[in-house]
Amino acid sequence: MSASMIDGKAIAADVRADVAKAVSQLPGQPSLAVVLVGEDPASQVYVRNKVRQTEEAGMVSVHHRLPETASQQDVESLITQLNADENVDGILLQLPLPKGLDADAAIEKIHPDKDVDGLTEVSAGRLTLGKPGLVACTPTGCVILAKRALGEDLSGKHVVVIGRSILVGKPAALLFLAENCTVTIAHSRTKDLPAVCRDADILVPAVGRPQMVKADWVKPGAAIIDVGINRVDAPEKGEGKTRLVGDADYAECSEVAGHITPVPGGVGPMTIACLLRNTVLAACARRGWKVPE
Ligand code: NDP
């Protein structure tokens, strides 16, 4: 058996097209403020992509740069200023911050109604309580991909999320629970992880260990939504070359699974698409606009 590939790139393009259509029906333009502190090259690429895709969806994107030497107070005052700015609907603080800065404290300064990354305590609390709010982007992307593979109704499916981080594992578990799935959260202390995973209809590895999930961890026909992004050596591409792999061993697992996301091109592209969606939702909630169908 060979699993069908869940094409995150194509599905993310659909989500972005939906966002662009929704934006075109709004009475004004939502706006996203992106804050980048320092010179981290990977963060610069992510920020450029976020700014470009926000603008392509018809929204306003304002890029705020602070130097590597910025103090905690500099970062927090900028966030406070953006909170108060009537023209800003969403605030994204690009992580990681340079060494010496406290990311958690800075995130907590973001007004929950502008927290398009869904990372503040209020956003996490709203998700836990089942109240409307902005939900972390990567987990939202995981649910969308699972629905594309298995259909809208995920109720009764057994989901095993491997990982319990605040950014991915925990919110992913809560989102699948909200879809009436039966959810198991596994982590580094879980006993007999392969056996736990073998019971999953939907397996969501979010660990950061290259190709950890093997074929004999997978229930035949299961869907694997692979969140992990790991850079490994790729001597076959030449000396010093690297490539990206997921937490699942794609070649092996796709012999057993029914559906599987590739890395790259699976969950990754969904994250920005869901950020754009959150920006529209934040703008509608704050400005009293009806969310377009
Ligand atoms: P964290 O390091 O914060 O969390 C990793 C989790 O994996 C922890 O809960 C940890 O358990 C668990 N874990 C570690 N080792 C094992 C093991 N041997 N067996 C079972 N569980 C284990 O990572 P993140 O959640 O931030 O990210 C996870 C992965 O997802 C990374 O590869 C990251 O790059 C990727 N990622 C991808 C995104 C995307 O857009 N596609 C976005 C964000 C992240 P414990 O709590 O017990 O320590």
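Listing for the model above:
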quantity: Long-range HN-HN contacts of GLY38 with modeled amide H, under 5 Å; calculated: LEU66, GLU68
quantity: Anisotropy class of the stretch 191-293 from Cα gyration tensor, a/c 1.5 cut; calculated: oblate
quantity: Between 0 and 90°, nearest 10: helix 8-24 axis offset from the chain longest Cα axis; calculated: 30 degrees
quantity: The chain: Cys lacking any partner C-beta under 4.7 angstrom; calculated: CYS142, CYS181, CYS197, CYS253, CYS284
quantity: ³J(HN,Hα) computed for each position of the stretch 162-175 - Karplus, 6.51 cos²θ - 1.76 cosθ + 1.60, integer Hz, glycine/proline x; calculated: 9, x, 9, 6, 5, 6, 10, x, 5, x, 4, 4, 5, 5
quantity: In sequence order, calculated HN-Hα J values of the stretch 75-90 (Karplus, 6.51, -1.76, 1.60; Hz; x Gly/Pro); calculated: 5, 5, 5, 5, 4, 4, 5, 5, 4, 7, 7, 4, 7, 9, 9, x
quantity: Cross-link reach list, lysines versus LYS170, counting only Cα pairs under 27 Å and skipping chain neighbours closer than eight places; calculated: LYS9, LYS50, LYS99, LYS109, LYS114, LYS131, LYS147, LYS157, LYS191, LYS214, LYS219
quantity: Inter-centroid distance (Cα atoms) of the stretch 225-292 relative to the stretch 89-140, Å; calculated: 19 Å
quantity: Nearest 10 degrees, 0 to 90: helix 267-287 Cα axis against the chain principal axis; calculated: 40 degrees
quantity: Mean Cα-pair separation over length for the chain, i.e. relative contact order, pairs under 8 Å, 6 or more apart, %; calculated: 23 percent
quantity: Net dipole in debye of the stretch 136-262 [+1 Lys, Arg Cβ; -1 Asp, Glu Cβ; about Cα centre; nearest 20]; calculated: 360 debye
quantity: Footprinting exposure proxy for VAL183, VAL161, VAL60 (fewest neighbouring C-beta atoms within 10 Å first); calculated: VAL60, VAL183, VAL161
quantity: Given charges at beta-carbon only (K, R positive; D, E negative), |dipole| of the stretch 9-81 in Debye; calculated: 320 debye
quantity: Nonlocal amide H pairs with ILE6, under 5 Å, H built at 1.01 Å; calculated: ILE260, THR261
quantity: Sparsely packed GluC sites (Glu not before Pro) within the stretch 52-94, loop by DSSP, other Cβ within 10 Å at most 15; calculated: GLU68, GLU86
quantity: Most to least packed among 122-129, 31-38, 147-154, 164-171 [average Cβ atoms within 10 Å]; calculated: 31-38, 164-171, 122-129, 147-154
quantity: Residue order, fewest to most surrounding Cβ atoms within 10 angstrom, among HIS187, HIS64; calculated: HIS187, HIS64
quantity: Total charge dipole magnitude, the chain, about the Cα centre, Cβ charges on Lys, Arg, Asp, Glu only, Debye to nearest 20; calculated: 260 debye
quantity: Antiparallel DSSP beta bridges within the chain, percent to nearest 5; calculated: 15 percent
quantity: 0 to 90° range, to nearest 10: angle between helix 41-56 axis and the chain longest Cα axis; calculated: 70 degrees
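Coordinate-derived values only; no laboratory data. Note that this is a predicted model, so its numbers are computed, not measured. Ideal geometry is used to build each Cβ from the backbone, glycine not excepted, and the neighbour counts take in all protein chains shown.
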